[in-house]
Amino acid sequence: MRKIAIIGTGYVADYYAASLRSFPDIAVVACYDRNGARLQQFCSHWGLPAVDNLETALGSDAVLVLNLTNPHEHFAVSQAALDAGKHVYSEKPLATTMDEARALHERAAALGLQIGSAPCSVLGQSAQTLRQAIETGAIGRPRLVYAELDDDFISQAPVGRWHSASGAPWPIQDELKVGCTLEHAGYYLTWLMDLFGPIETVVSASAHIGDVAHIVSEAAAPDYSSATLFFESGMVARLTCSIIAPHDHRLRIFGDAGVAEVSRAWDNQAPVRVRKRFVIRRRLVNSPIAPKVKPGAWTAHPFVDRKQAAMNFMLGPAEMLDAIEAGRPCKLGSDFALHLTEVTLAIQNAGRTTGAQTMTTRFKRTAPVRWAGTRTEA
């Protein structure tokens with residue numbers, strides 16, 4: 001049995017708890033949250049053990065700590081976990097500043113520990129099927145990416161009615177203060193980094209457009225950003241995030257021979273489709289029919305009950321535990337997480353006049369995670 005501790009039992013923790021059921025070989029030995037009532041509500045709902053303080057949780061026999069706290073607490077909690085000798089998997093972002101992210105990266109390396117961060121949808125079947133399609137030439141040579149992460153006009157949504165499985169309210173104030181780019185850009189940035197490697201230059205702009213003074217008294221983060229990403233491999237991508245424009249989570253990769261498409265970033269089983277391009281008489285036509293790409297057997301992994309979630313949030317922690325046992329770096333490890341953080345912060349903090357930004361971090365692109373044969377589907 002592989003043992004973990006959970007720090008932070010708010011809204012997102014319920015998604016991890018639901019996903020845990022698909023990995024019966026992983027046991028939670030301690031949960032802690034500074035909100036005692038929320039901690040008890042969470043642990044009672046899921047039948048997990050609560051402890052009274054952070055020190056007790058970090059002093060447990062857990063191998064890995066899941067840091068599911070408020071984003072502004074990620075640095076302090078992850079640092080404390082590393083200092084307690086624990087490997088760390090953090091919810092996104094790894095940290096809210098590059099200084100803090102670098103400090104965690106350096107501390108983990110000095111202690112010989114692994115640290116990584118969400119999102120882990122890149123380890124899911126859809127993302128890996130997309131990689132399979134690209135690498136087998138389904139669209140010829142890829143030339144350009146359009147990625148959209150728009151979530152509609154959130155400030156007008158009935159967020160007061162949104163609660164997690166154990167009753168935690170959706171943290172609207174945190175979402176507005178942290179920002180949709182820092183919260184969501186990673187869902188497709190990780191896919192693109194896995195496909196095309198490190199990003200060399202970011203050209204971006206961001207702005208705060210909506211009126212949320214009635215929701216949050218502090219300054220809200222940008223609620224819109226758009227970036228052009230230039231990869232070291234030569235690939236170019238455009239990524240847009242907002243909580244203003246109508247819901248749109250499409251990813252399209254345009255190649256010499258067609259287009260690869262995914263419509264749902266947060267669904268591990270979202271189909272990957274390929275739309276071929278051809279000429280009819282004197283017209284260039286993109287086929288109205290886009291057949292599904294059949295996932296390779298190796299992409300299959302435990303899926304969560306779709307009544308609970310469309311994404312298995314435990315793929316990242318499970319793969320990190322596999323890596324720890326095998327004595328190898330994990331797929332979403334420190335170099336990958338640091339690069340993701342740098343790119344995301346460059347996009348979010350761009351404002352109107354920043355212009356091109358050269359990235360200073362890099363990571364080594366790795367082979368796909370081969371789930372088949374290592375897990376049984378839940």
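No value in this document is a laboratory result; all are computed from the given coordinates. The shown structure was predicted, so the numbers you read here are calculated from the model rather than taken from an experiment. Cβ sites come from the backbone with ideal geometry, for glycine too, and all protein chains shown count toward neighbours.
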Review point. Got a sec? Which residues in the range 342-366 would a label at THR201 touch, if it sits 7 Å along Cα→Cβ and we count backbone N under 16 Å?
Key: 347, 354-361
Review point. In Å, the Kirkwood hydrodynamic radius of the range 185-277 over pairs of distinct alpha carbons?
Key: 15.2 Å
Study note, to complete from the structure: Taking Cα pairs closer than 8 Å and at least 6 residues apart, the relative contact order of the chain in percent is 21 percent
Check your understanding: Using a cut-off of 18 Å between alpha-carbon atoms, which lysines can reach LYS92, once sequence neighbours fewer than 8 places away in the same chain are excluded?
Key -> LYS177, LYS331
Revision key, fill the gap. Quick note, the range 10-74: a/c under 1.5 would make it rounded; otherwise a/b > b/c is prolate and the rest oblate (a ≥ b ≥ c, C-alpha gyration tensor); here it is rounded
Check your understanding: By average Cβ neighbour count within 10 Å, what is the ranking of 106-114, 85-93 from highest down?
Key -> 85-93, 106-114
**Study point:** Check: the chain dipole with +1 on Lys, Arg Cβ and -1 on Asp, Glu Cβ, in debye
**Key:** 1960 debye
Point to revise | Ranked by how many other beta carbons lie within 10 Å on average, peptides 3-10, 158-165, 134-141 from highest | key: 3-10, 134-141, 158-165
Practice item. Find the centroid of the Cα atoms in the range 268-283 and in the range 287-312, then give the distance between the two in whole Å. Key: 19 Å
Practice item. Would you please put 180-191, 290-301, 266-277 in order of how densely packed they are, using the mean number of other Cβ atoms within 10 angstrom per residue and starting with the highest? Key: 180-191, 266-277, 290-301
Check your understanding: Roughly how big is the range 73-205's charge dipole about its Cα centre, with Cβ charges of +1 (Lys, Arg) and -1 (Asp, Glu), in debye to the nearest 20?
Key -> 320 debye
Exercise for review: Set Lys and Arg Cβ to +1 and Asp and Glu Cβ to -1, take the dipole of the chain about its Cα centre, and tell me which of SER117, ASN35, SER166 lies farthest positive.
Suggested key: SER117
Study note, to complete from the structure: One finds the C-alpha centres of the range 165-205 and the range 35-60 to be spaced, in Å, by 27 Å
Check your understanding: Over the range 232-286, what lengths in whole Å, largest first, do the semi-axes of the equivalent ellipsoid take, defined as the square roots of 5 times the eigenvalues of the alpha-carbon gyration tensor?
Key -> 25, 15, 13
Point to revise | Relative contact order, percent, the range 217-362 [alpha-carbon distance under 8 Å, six or more residues apart] | key: 13 percent
Study note, to complete from the structure: Quick calc, the range 118-196, dipole around Cα centre from Cβ unit charges on Lys, Arg (+) and Asp, Glu (-), nearest 20 debye, gives 220 debye
Revision key, fill the gap. With label points set 7 Å from each Cα along the Cα-to-Cβ direction at ALA297 and ARG277, the distance between them in nm comes to 3.5 nm
Point to revise | Order of MET1, MET311, MET98 under a 10 Å beta carbon neighbour criterion, fewest first | key: MET1, MET98, MET311
Review point. Alpha carbon centre of the range 247-263 versus the range 76-144: separation in Å?
Key: 24 Å
Study note, to complete from the structure: Scoring the range 147-303 by relative contact order with C-alpha pairs under 8 Å, at least six apart, yields a percentage of 24 percent
